[in-house]
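The values are calculated or read from the model by the stated rules, or taken from the named source; none is laboratory data. Keep in mind that what you see is a predicted model, and the values were worked out from it rather than measured. Here the Cβ positions follow ideal geometry from the backbone for every residue, glycine too, while neighbour counts run over all protein chains shown. We work out accessible area using only protein heavy atoms, side chains counted, and drop any ligands, DNA or RNA first. Shrake-Rupley method; radii C 1.70, N 1.55, O 1.52, S 1.80 Å.
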Amino acid sequence: MIYVALLYSIVLGGGRRVVMTDLRAMAEDIGYTNCRTLVSTGNLVFEAARSPVSDIEKVLETAFAHRFGKHVDILVRSRSDWLKLAATNPFPGRDGSQVGVRVMRTPLDESVKTLLERHREREQIAVVDGNLWVDFGGKASETRLLSAMTTKKLGIGTARNANTVARLAEMVA
């Protein structure tokens, strides 16, 4: 079965970052096959026996901590779940570099909109299948909304822009 894994961070500290060849090697060492990465930001596509994604997340997080000396949250989606995520972008046709999704381990509900409202300016937000989509209407780095989209406030998750979501969908299609 094909899976997509998203690392919350590739920063190891001390100016060090995870090199994607090392990430692929780690996945291969734990028995995953056809391991591929997309850009250098911690996007891994691989094949493994069918298992609950929570089990795969634990295996990857344990292997990552052992290999790189640091815990990093890793979110996993099956091929079909990733394709569904890509297809349900509520802001199609917008600039993919200005639209992002925070993929969540525990699904969010509509109440998150209230939490984010005081930080929102021009951004549009939508919760789709428990993931938070944002049309930043400009550069994401220039918004106050990011300060509210943290693990501490929303729970374990990681963000990717719509271009990356689409490219990963192409890799698993």
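Calculate one ³J(HN,Hα) per residue across the stretch 66-74 by plugging θ = phi - 60° into the Karplus curve 6.51 cos²θ - 1.76 cosθ + 1.60, and present them in order as whole Hz with x for glycine and proline.
5, 6, 10, x, 8, 7, 9, 5, 10
If you filter the stretch 75-173 for GluC sites (Glu not before Pro), then keep DSSP loop positions with at most 11 other Cβ within 10 Å, what is left?
Glu110, Glu121
Given contacts defined as C-alpha pairs under 8 Å and at least six residues apart, what's the relative contact order of the stretch 1-156, whole-number percent?
20
Of Thr41, Thr151, Thr158, which has the most accessible area and how do the rest follow, probe 1.4 Å?
Descending order: Thr41, Thr151, Thr158.
Just flag the trypsin sites (Lys or Arg not before Pro) in the stretch 80-130 sitting in loop per DSSP whose Cβ has no more than 12 other Cβ atoms within 10 Å.
Filter output for the stretch 80-130: Arg118, Arg122.
Can you pull the percent of the chain's accessible area that's carbon plus sulfur, 1.4 Å probe, other chains left in place?
Answer for the chain: carbon and sulfur cover 50 percent of the accessible area.
Classify the stretch 1-98 as rounded, prolate or oblate from the Cα gyration tensor: take a ≥ b ≥ c as the square roots of its eigenvalues, call it rounded if a/c is under 1.5, otherwise prolate when a/b beats b/c and oblate if not.
oblate
Going by alpha carbons, how many degrees (0 to 90, nearest 10) lie between the helix axis of 162-172 and the longest principal axis of the chain?
The answer is roughly 30 degrees.
In what order, largest first, do Asp73, Asp55 sit by accessible area if the probe radius is 1.4 Å?
Largest accessible area first, the list is Asp55, Asp73.
Give me the accessible area per residue for the stretch 1-109, probe 1.4 Å, as a whole number in Å².
Accessible area per residue, the stretch 1-109: 49 Å².
Out of residues 5 or more away from Leu132 or on other chains, whose amide H comes under 5 Å of its own, with H placed 1.01 Å from N in the peptide plane?
Arg102, Met104
Short version: ³J(HN,Hα) in whole Hz for each residue of the stretch 113-120, in order, from phi by Karplus 6.51 cos²θ - 1.76 cosθ + 1.60 (θ = phi - 60°), x for Gly and Pro, what are they?
4, 5, 4, 8, 3, 6, 9, 7
Please build a GNM for the chain, connecting alpha carbons under 10 Å apart, and tell me which residue among Asn131, Asn43, Asn34 fluctuates the most.
Top of the fluctuation ranking is Asn34.
What is the helix-to-structure angle for 20-29, meaning the angle in degrees between its Cα long axis and the longest Cα principal axis of the chain, kept from 0 to 90 and rounded to the nearest 10?
On a 0 to 90 degree scale, this one is about 50.
Quick one: Karplus J couplings for the stretch 102-110, per residue in order, coefficients 6.51, -1.76, 1.60, θ = phi - 60°, nearest Hz, x for Gly and Pro?
9, 7, 10, 6, 9, x, 7, 10, 4
If you filter the stretch 19-67 for GluC sites (Glu not before Pro), then keep DSSP loop positions with at most 15 other Cβ within 10 Å, what is left?
Passing sites in the stretch 19-67 do not exist.
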